[in-house]
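**Q** Okay, here's the structure, questions in a sec.
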């Protein structure tokens, strides 16, 4: 009897997992199918039918070349890399100062950084746009980079939390050896922050890679399109050619899939740590 | 180098100023100045580009709360709000069963989480394709004999928001799932063992061990989901542009500001949104503090 109950529970468990996996995968799988179909085949077959020829890359080359996806990749990489390096440096510097030195205004400054995490940036865009415009930065790569550095405070938060766990006796013994505060930051604190830096790279990397709103609003020129805005432009001209749009979708999914498979463990940990505010 | 020859007292001053300057300037220019300006604009009739504008007092706020065109969009967030409860429940269910022994655990974990990593535009297009007439969903329903119930998923104003909230659920469930899974796996193995000796079944374990120990994380995620529901933008904007009754508050704000050039009114809308989000967040902080 116990055994029977156990088996039933087991069936429910696996059935629900399979259903969940199916629901997560089917919307992507049909896009994958369609991306390999010819226009005629797409019109005649059901979305659930796999393509005749899995090596029909015609839609991919059309999407990649006409959609200028390479340009989108390039711009995305430039913005992601600069923003992450900047956020890591700026975030660790301010976190070091706030965590290690007690000075007048320390608490106030800390509060200012933490309070800023409450402001959802999507609500303030109306006014932020005027400021970026004032500096003549609309339609330059600096606009998103500065916004990712200035408004997303998550890096500062993660570093401050992590610094609490790095013992101050390390700083003190370095001082006995005559190290300057800068040397302590650069040679001791920054290397020890490595796990926190990985978290920041993952959380910010994914956020920036996926952001549509900021590049859409601040970089309308075609030369500055990033992956998400490049894909968004498919909507008009290819409205009736879903097989090409599907190829475009797969092109944006592929890099993130590769990164995910390679760094799974770090990605799970990164989100688990980055979210616990 | 000269810096290291300074006394620690001077070094301290130099490093505090040098290391704080850029972060603080960025913080105030791009996080606080916009909020301040937004308040100011919200009392004006500024169109966003002309040199001068007039102060109109509370006129903009009055428009938001009296003109149904602006007020009804709040109703749309209720769909996303309801969707986020389903999302939490699913995430909690999958996190719980995957925290015990399961075959192909890593596969299921990866598949359930992966959608969260995708680009908002890609997800928008994936679901435009999914909900098309005679598209994936219709075909699936026909194949299991529910063909009679197919709908204009994105055409029928009564259904559109459910479809969009569904797409949003598909996108964000993996995030909650991975957070819950992390929290559940930090519970010590010995706790379950002790419970099993006392004869507790899986439901008892869930009810009396898992749920209490991740309660605050569930609460936090729920609050995040509320602010997420109020500020829903990406998915509806990319998929429908706010047509057929799928307009959300943020889409409305953006079009008011950048399409109709009513920056003053849009600022007032943004101020209202900001207040709601901050109140919700503060409420959560209070709730969590009380428990500690």
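The values are calculated or read from the model by the stated rules, or taken from the named source; none is laboratory data. Everything numeric here is computed off the predicted structure, so don't read it as measured data. When we count neighbours, we look across all protein chains shown, and the Cβ atoms used for this are built from the backbone with ideal geometry, even at glycine.
**Q** Give me the pairs: first residue in the range B:17-43 and more than 7 Å from every other protein chain (Cβ to nearest Cβ), second residue buried (at least 17 other Cβ atoms within 10 Å of the Cβ), beta-carbon distance under 6 Å, and six or more apart or on different chains, which are they?
**A** Final answer for the pair search is B:42/B:60; B:42/B:267; B:42/B:268; B:42/B:271.
**Q** So, in the range A:229-244, exactly how many residues are crowded, with 16+ Cβ neighbours inside 10 Å and farther than 22 Å from residue B:236 by Cβ?
**A** Qualifying residue count for the region: 3.
**Q** A further question on this structure: Check residue A:136 against each of (1) within 7 Å of another protein chain (Cβ to nearest Cβ); (2) not in a helix (DSSP H, G or I) and name the one condition it does not meet.
**A** With respect to (1) within 7 Å of another protein chain (Cβ to nearest Cβ); (2) not in a helix (DSSP H, G or I), residue A:136 is out only on (1).
**Q** Name the residue that is farthest from residue A:52 (Cα to Cα), counting only residues in the range A:239-262 that are without any contact (Cβ under 8 Å) to a residue 40 or more places away in the chain and part of a loop (DSSP other than H, G, I, E, B).
**A** Checking each candidate, the answer is A:239.
**Q** Of the conditions (1) away from every other protein chain (no Cβ under 13 Å); (2) touching a residue at least 12 places away in the same chain (Cβ under 8 Å); (3) surrounded by fewer than 17 Cβ atoms within 10 Å (Cβ to Cβ), residue A:48 fails just one. Which one is it?
**A** Just one mismatch for residue A:48, condition (1).
**Q** Condition check: out of contact with any strand residue (DSSP E or B) (no Cβ under 9 Å at 6 or more places or on another chain), in a helix (DSSP H, G or I) and within 30 Å of residue A:183 (Cβ to Cβ). Does residue A:60 satisfy that?
**A** No, not satisfied.
**Q** Among what's in the range B:133-156 and is facing chain A (nearest Cβ under 8 Å), surrounded by 15 or more Cβ atoms within 10 Å (Cβ to Cβ) and farther than 24 Å from residue B:94 by Cβ, pick the residue that is nearest to the chain's Cα centre (by Cα).
**A** The residue in question is B:135.
**Q** Name every residue in the range A:190-217 that is over 24 Å from residue A:254 (Cβ atoms) and surrounded by fewer than 22 Cβ atoms within 10 Å (Cβ to Cβ), in order of residue number.
**A** Once the filter is applied, which keeps residues that are over 24 Å from residue A:254 (Cβ atoms) and surrounded by fewer than 22 Cβ atoms within 10 Å (Cβ to Cβ), the range A:190-217 yields A:190, A:191, A:192, A:194, A:195, A:197, A:217.
**Q** Every residue in the range B:103-125 that is more than 25 Å from residue A:229 (Cβ to Cβ) and more than 7 Å from every other protein chain (Cβ to nearest Cβ), please.
**A** B:103, B:104, B:105, B:106, B:107, B:109, B:113
**Q** Return the residue satisfying two criteria in turn: it lies in the range A:107-132 and is at the interface with chain B (Cβ under 9 Å from one of its Cβ atoms) and more than 25 Å from the chain's Cα centre (by Cα), and of such residues it is farthest from residue B:16 (Cα to Cα).
**A** Ranking the qualifying residues of the range A:107-132, first place goes to A:130.
**Q** Just checking, how many residues over the range A:59-105 are within 21 Å of residue B:23 (Cα to Cα), modelled with pLDDT of 90 or more, surrounded by fewer than 16 Cβ atoms within 10 Å (Cβ to Cβ) and in contact with a helix residue (DSSP H, G or I) (Cβ under 8 Å, 6 or more places away or on another chain)?
**A** Qualifying residue count for the region: 1.
**Q** Residue B:85 versus (1) over 14 Å from residue B:269 (Cα atoms); (2) surrounded by 15 or more Cβ atoms within 10 Å (Cβ to Cβ): which is the lone unmet condition?
**A** Only one criterion is unmet by residue B:85, namely (2).
**Q** Which ones in the range B:248-262 are closer than 15 Å to residue B:49 by Cβ and within 11 Å of chain A (Cβ to nearest Cβ)?
**A** Scanning the range B:248-262 gives B:256, B:257, B:258, B:262.
**Q** How many residues are out of contact with any helix residue (DSSP H, G or I) (no Cβ under 8 Å at 6 or more places or on another chain) and surrounded by 14 or more Cβ atoms within 10 Å (Cβ to Cβ) when one looks only at the range B:157-184?
**A** Residues flagged as out of contact with any helix residue (DSSP H, G or I) (no Cβ under 8 Å at 6 or more places or on another chain) and surrounded by 14 or more Cβ atoms within 10 Å (Cβ to Cβ) within the range B:157-184 amount to 2.
Every residue, every condition in (1) within 12 Å of chain B (Cβ to nearest Cβ); (2) under 22 Å from the mean Cα position of the chain (by Cα), yes or no:
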| position | (1), (2) |
| --- | --- |
| A:169 | no, no |
| A:172 | yes, no |
| A:226 | yes, yes |
| A:268 | yes, yes |
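**Q** Among the helices (runs of 4 or more DSSP H) confined wholly to the range B:1-96, which include 3 or more residues that are touching a helix residue (DSSP H, G or I) at 6+ places or on another chain (Cβ under 7 Å) and more than 30 Å from residue B:173 (Cα to Cα)?
**A** Helices (runs of 4 or more DSSP H) meeting the threshold: B:8-27, B:33-41, B:59-66.
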